[in-house]
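Please read through the structure below; I'll follow up with questions.
The values are calculated or read from the model by the stated rules, or taken from the named source; none is laboratory data. Model, not experiment: these values are computed from the prediction. Note: ideal-geometry Cβ built from the backbone for every residue, glycine included; neighbour counts use all protein chains shown. These accessible areas exclude ligands, DNA and RNA; they are computed on the full protein's heavy atoms, side chains included. Shrake-Rupley method; radii C 1.70, N 1.55, O 1.52, S 1.80 Å.
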Amino acid sequence: MLVLARKVNESITIGDDVVIKVIGVEGMQVRLGIDAPRNVRVLRQEVYEKIREENLLSARGEAGAFIKAAGLLNTEDRSKK
Amino acid sequence: MKLETRDFGSVDIDEQKTIMMPSGMPGFPGMQRFVILEREESRPFLWYQCVDDPGLAFVIINPLLFKPDYSLDLTPAMKDMSWEEPEEGNLVVYAIVNASEGVPEKITANLIGPLVINTGKNEAVQMVISGSPYSHKQPIFQST
């Protein structure tokens, strides 16, 4: 991993069109400003990871469980009415 | 067009209804074309079957069915996809469902990674929402 030291208001550029600027530092928290083209998705990594893992699990489901669950949902709906 | 599916064998689909996901889904790079399959016996669950890989399918559901107060700012999805303002009425939101536990009662839905489909353009994006009060493992059946 490339490690760079930057001061507040200094930036790094990645490729031709991504710029990350250090906006401020407070204790353990760093605020970053990111300029990137629209087709580059910028996401907090922990949230992205959660969704990636959840997608991987979701792709494993089997049809049988859902037919039973559909029955349960429909019963719940009826009991509400 | 004939399509091999994960759970329903070979099915006939209308190619016009193929949904494009230019940025794919986290965990499944390169998988960009999907179709929605519906089965009478498993409603309200729908299948989000990948066209590029017959072995890949997700089950999706309208989140309002189990989380009636679910609300979402769709602006980031519209920006990501360059969808214009008037198209907002064409947007449909689904939650991706996780049944990996194999027990119907333990089925959860991911409310921070909703699938947003533009039915006018047949394009979709999976949003990644941070800082929201919602869970990525919201039980569909409330434990009583």
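Considering the convex hull of the alpha carbon atoms of the range B:84-144, report its projected area averaged over all viewing directions, in nm², one decimal. Before the final figure, lay out each step's value.
Values: hull surface 22.3 nm².
The orientation-averaged projected area of the Cα hull of the range B:84-144 comes to 5.6 nm².
In the Gaussian network model of chain B, springs joining C-alpha atoms below 10 Å, which of B:P133, B:P76, B:P26 carries the largest mean-square fluctuation?
Of B:P133, B:P76, B:P26, the Gaussian network model singles out B:P133 as fluctuating most.
Rounded to the nearest percent, how much of the accessible area of the protein assembly as shown (1.4 Å probe, protein heavy atoms only) is carbon and sulfur? Spell out each step's value before the answer.
Numbers: 6560 of 13090 Å².
On the protein assembly as shown, the fraction of accessible area on carbon and sulfur atoms equals 50 percent.
Over chain B, average the accessible area per residue using a 1.4 Å probe and give it in Å², no decimals.
Values: 6740 Å² over 144 residues.
Result: 47 Å² per residue.
What number comes out for accessible area per residue over chain A if the probe is 1.4 Å? Units Å², please.
Accessible surface, normalised per residue, equals 78 Å².
What accessible area, in Å² to the nearest ten, does a 1.4 Å probe give for B:D73?
In the full protein context, B:D73 sits at about 100 Å².
Also, quick follow-up: Could you please report the charge total around B:Q49, scoring K, R as +1 and D, E as -1 over all other residues with beta-carbon less than 15 angstrom from its beta-carbon?
Numbers: positive: A:R60, B:K2, B:R6, B:K17, B:R33, B:R39; negative: A:E62, B:E4, B:D7, B:D12, B:D14, B:E15, B:E38, B:D52, B:D53.
Combined, the nearby Lys, Arg, Asp and Glu give -3.
Using helices alone, what [θ] at 222 nm do you get for the protein assembly as shown, with -39,500 (n - 2.57) per DSSP H run of 4 or more residues, divided over all residues and rounded to the nearest 500? Could the numbers behind the result be given before it?
Values: 3 runs with 39 residues, N = 225.
Using -39500 (n - 2.57) per qualifying helix, the result is -5500 deg cm²/dmol.
Further question: Have a look at the range B:41-59 and report residues whose accessible surface goes down by 40 Å² or more when the remaining protein chains are included, against the chain on its own, probe 1.4 Å, ligands and DNA/RNA excluded.
Buried-area filter returns B:E41, B:F45.
So, one more: If I take every Cα pair under 8 Å that is 6 or more residues apart in the range B:63-142, average their sequence separation and divide by the length, what percent do I get for the relative contact order?
On the way: 117 pairs, mean separation 22.6, N = 80.
Here the relative contact order equals 28 percent.
Could you please put A:R52, A:R60, A:R6 in sequence from largest to smallest accessible area, using a 1.4 Å probe?
Working: A:R52 80, A:R60 160, A:R6 110 Å².
Sorted descending by solvent-accessible area, the residues read A:R60, A:R6, A:R52.
Let me ask another. Please list A:E49, A:E26 in order of solvent-accessible area, largest first, computed with a 1.4 Å probe with all protein chains present.
Details: A:E49 60, A:E26 140 Å².
The most accessible residue leads, giving A:E26, A:E49.
Counting protein heavy atoms only and a 1.4 angstrom probe, how many square angstrom of accessible surface do chains A and B bury in total, to the nearest 100? Write down the numbers at each step before the final one.
Values: alone 8030 and 8260 Å², together 13090 Å².
Protein heavy atoms only, the A-B interface buries about 3200 Å².
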